[in-house]
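The values are calculated or read from the model by the stated rules, or taken from the named source; none is laboratory data. Just so we're clear, the structure is a prediction, and the values are computed from it rather than from any experiment. Positions of Cβ are generated from backbone atoms using ideal geometry, with glycine treated the same way; all protein chains shown enter the neighbour counts.
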Amino acid sequence: MAISKDAIYEKVQGVLVDALGVDEEEVTPEATLREDLGAESIDFLDIVFRLEKAFTTDPAKPFKIPRGELFPENLPAMMSDEQFVKDGRITPLGSEELKKRMPFADFAEFDKNPTVQGAQNLLNVQTVVNYINSKLNG
């Protein structure tokens, strides 16, 4: 059974409000998880567990998020590697690697100005919604 993007957004919003202790109005599609909503590394594991619970409709078929798939691991290490980042900008190889690790993110704005800050902004509420939508609706 397909679930609408609006319904996915509402559930994601609820999860982020509960997990991060933020107000519902703060959880907009453009809100970044770290910068705008204050998520820290430990929060990402909690968010994954809460998303799995929120989107499991049949206990016999639990909704699972494989480790590192929604929130790619080793991104900080990647951001300190000169083949991926040089002078505060993401290299073409770094951009290619980000797109492999985060295929559900919207790179339109990032591609115009591929900075480290821009890369951090890719991890926003809409990225989470896109990920869940791709898992549930193909």
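What to note about this one:
- Positions within region 44-97 being part of a loop (DSSP other than H, G, I, E, B) and hydrophobic (A, V, I, L, M, F, W, C), in sequence order: Phe55, Ala60, Phe63, Ile65, Leu70, Phe71, Phe84
- Restricting attention to region 1-43, the residues being in a helix (DSSP H, G or I), more than 13 Å from the chain's Cα centre (by Cα) and more than 20 Å from Leu136 (Cα to Cα) number 8.
The rows are residues; the columns are (1) closer than 26 Å to Leu136 by Cα; (2) at pLDDT 90 or above; (3) under 17 Å from the mean Cα position of the chain (by Cα); (4) of a type in the set (A, V, I, L, M).
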site: Leu45; (1), (2), (3), (4): yes, yes, yes, yes
site: Arg50; (1), (2), (3), (4): yes, yes, yes, no
site: Phe55; (1), (2), (3), (4): yes, yes, yes, no
site: Lys61; (1), (2), (3), (4): yes, yes, no, no
site: Glu69; (1), (2), (3), (4): yes, yes, yes, no
site: Asp81; (1), (2), (3), (4): no, no, no, no
site: Gly94; (1), (2), (3), (4): no, yes, no, no
site: Pro103; (1), (2), (3), (4): yes, yes, yes, no
site: Lys112; (1), (2), (3), (4): no, yes, no, no
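- Search result, residues across region 69-109 that are closer than 26 Å to Asp46 by Cα, of a type in the set (Gly, Ala, Ser) and surrounded by 12 or more Cβ atoms within 10 Å (Cβ to Cβ): Ala105
- Looking only at region 2-58, residues that are loosely packed, with under 15 Cβ neighbours inside 10 Å, of a type in the set (A, V, I, L, M, F, W, C) and free of Cβ contacts under 8 Å to residues at least 24 places away in the same chain come to 4 in all.
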